[in-house]
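Student: Here it is: the structure, laid out below.
The values are calculated or read from the model by the stated rules, or taken from the named source; none is laboratory data. Note that this is a predicted model, so its numbers are computed, not measured. Glycine gets a Cβ as well: all are built from the backbone with ideal geometry, and neighbour counts include every protein chain shown. The protein model used for the area step is the full one, side chains on, heavy atoms only, and it has no ligands, DNA or RNA in it. Shrake-Rupley method; radii C 1.70, N 1.55, O 1.52, S 1.80 Å.
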Amino acid sequence: MRGRTTATLALLLALTGCAGTDEPGPGDDPSHDASHDPSHTESPSASSTDEPADLPSGGPVDEPVEAEPAAAPLDWQDTGVEAGTRYIKGPEWEALGDAGDTRVELARDGKAVTVVAGRGRTISEVLMSEEWAVVVRQDKAETAPSEVAVVDLATGETGEVATPPAASGGSWALTAGDLHFPTYGDGGAYCLATAALADSNGEDGWCAPDRSGFSGLTASEHGVGVMTFDDTRPVACRTANLLDGSGVPQPLKGPDDCTAWDVAATADGAVWSEVPKPRRQEEARFHASADGTFFDLGPGTTGTAVPCGDSVFFVRDPQGPDEPARLMRWTPQRTLEVAYESPSTGNAFLGEPTCGGGVLTLASYGEKGDQHVWANVS
């Protein structure tokens, strides 16, 4: 069974620019607090403090409005695939991996395209938008760059993203036809690359400063989110950012210093999580900003925030022995909704949700049985 892949595991996959030394690098686990205080600026998505008359208004940054969740389940359908299997449902195509992460089959109406990891490699990422699918073939020894296979979902033709060379592991995000991924720059700097898949045009972008890194990439039509962290010991300082127009991370206004984890852009702000207790790194509290005002979205699980369709989703583990695990949804109407509840209570959890071109896929595990379901997001 494939359980939840935490942000910690994702960070440990990333290579570091300090390989071979005792110093932490861009792929190290930043799951601790720190004595470092980064400066914050206004989120690039926050446009004004004037609230539209028909939308709820949040509070000031130090007194956010608590959002009360309402039941609004999506129209979930059974995938027909065992929970724990790598699977992404798209509007027309679906991607199905095997148990050993050696291949992925993309299928639509009887047509199939198979991507094989190849000798010495494993499938580490599968991403899908309405137009494209991306399959990342990672070197098992993590000494060679990842190979990136691209499938044009309009034609079924396959290609590659060869430049810039992708780092082994790390965090990846796909929105429409733009792929965001880690690469290495001059002097081994850990950098964020972007590739326009339609013309195979990839280029280096922002590079993390020395002795720091990034992870937790998310991407949607509203922007790209990324968590940056430094190597402060014994605890690293984490910052939630959105990329500005030039591709440079800009810290959000709102998160407490050094506690941020998840981050995703919205139409009028962002959603992020904060980890108040370093030793309980999976337990976070989620927040949202909207046109310069702020909302408290309640507890959630780190590493589970995903933009999909018009909303941002995150997982909330059971809050008591009689409570189910829930998938929460922050909508453009500034409402917090319960989009899914697990059949089991107490000892239950959800896998990381995945989004394929506006279709959400979710695995649920518990004593009353596992589920693997999908739903369209309007």
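Student: Stretched out fully, how many nm does the piece from Asp152 to Ala99 gain, at 0.36 nm a residue minus the Cα gap? Display every interim value, and only then the final one.
Tutor: Working: separation 53, 0.36 × 53 = 19.08 nm, distance 2.48 nm.
In short, 16.6 nm is gained.
Student: Ok, one more. Counting only protein heavy atoms, what percent of the accessible surface of the chain is carbon or sulfur at a 1.4 Å probe? Walk me through the numbers before you get to the answer.
Tutor: Details: 7510 of 16090 Å².
C and S atoms contribute 47 percent here.
Student: Could you calculate the contour length gain from Glu283 to Glu160, that is, 0.36 nm times the residue separation minus the distance between their Cα atoms, to one decimal place in nm? Mind showing how you got there, number by number?
Tutor: Numbers: separation 123, 0.36 × 123 = 44.28 nm, distance 3.78 nm.
Value of the extension gain: 40.5 nm.
Student: Indicate the gyration tensor shape class of segment 223-323 (rounded, prolate or oblate), computed on the Cα atoms with a ≥ b ≥ c the square roots of the eigenvalues: a/c under 1.5 is rounded; otherwise a/b larger than b/c is prolate and the rest oblate.
Tutor: Values: a/c = 1.94, a/b = 1.14, b/c = 1.71.
Because a/c hits 1.5 or more and a/b fails to exceed b/c, segment 223-323 counts as oblate.
Student: Would segment 310-378 count as rounded, prolate or oblate if I go by the C-alpha gyration tensor, calling it rounded below 1.5 in a/c and otherwise prolate when a/b exceeds b/c, oblate otherwise?
Tutor: Working: a/c = 2.88, a/b = 1.49, b/c = 1.94.
It is oblate, given that a/c is not under 1.5 and a/b is not larger than b/c.
Student: So what's the back-of-envelope 222 nm ellipticity for the chain, counting only DSSP H runs of four-plus at -39500 (n - 2.57) apiece and dividing by all residues, rounded to 500? Working shown, then result.
Tutor: Numbers: 1 runs with 7 residues, N = 378.
Per the formula, -500 deg cm²/dmol.
Student: Let me ask something else. I'd like to check one number: the per residue accessible area of the chain, probe 1.4 Å, reported in Å² as a whole number. Don't jump to the answer; show the numbers that get you there.
Tutor: Details: 16090 Å² over 378 residues.
Ligands and nucleic acids excluded, the result is 43 Å² per residue.
Student: Continuing with this model, one more query. Quick check on segment 181-264: take the gyration tensor over C-alpha atoms, sort the square-rooted eigenvalues as a ≥ b ≥ c, and tell me if it's rounded (a/c under 1.5), prolate or oblate. Write down the numbers at each step before the final one.
Tutor: Numbers: a/c = 2.56, a/b = 1.34, b/c = 1.92.
Oblate, because a/c is 1.5 or more while a/b does not exceed b/c.
Student: Pop out the ³J(HN,Hα) list for segment 269-276 in order, Karplus 6.51 cos²θ - 1.76 cosθ + 1.60 with θ = phi - 60°, rounded to Hz; leave Gly and Pro as x.
Tutor: Rounded to whole hertz, the list is x, 7, 10, 8, 10, 10, 9, x.
Student: Let me ask something else. Compare the Cα positions of Thr155, Pro73, Val116 along the charge dipole of the chain (+1 at Cβ of Lys, Arg; -1 at Cβ of Asp, Glu; about the Cα centre) and return the one farthest towards the positive end.
Tutor: Most positive-ward Cα: Val116.
Student: Using alpha-carbon pairs under 8 Å, 6+ residues apart, how would you state the relative contact order of the chain in percent?
Tutor: Values: 1081 pairs, mean separation 75.8, N = 378.
Relative CO of the chain lands at 20 percent.
Student: When Cα extents along the principal axes in Å is calculated directly from the model, which label among (1) 63, 44, 37; (2) 91, 53, 49; (3) 54, 48, 38 fits?
Tutor: (3)
Student: Using the Cα centre as the reference, give the magnitude of the dipole from point charges on the C-beta atoms of segment 220-378 (Lys, Arg: +1; Asp, Glu: -1; all else neutral), rounded to the nearest 20 debye.
Tutor: On the way: 12 positive and 22 negative charges, 33 e Å.
Roughly 160 debye for segment 220-378.
Student: Gap in Å between the Cα centre of segment 122-190 and the Cα centre of segment 347-376?
Tutor: Measuring centre to centre over Cα atoms gives 24 Å.
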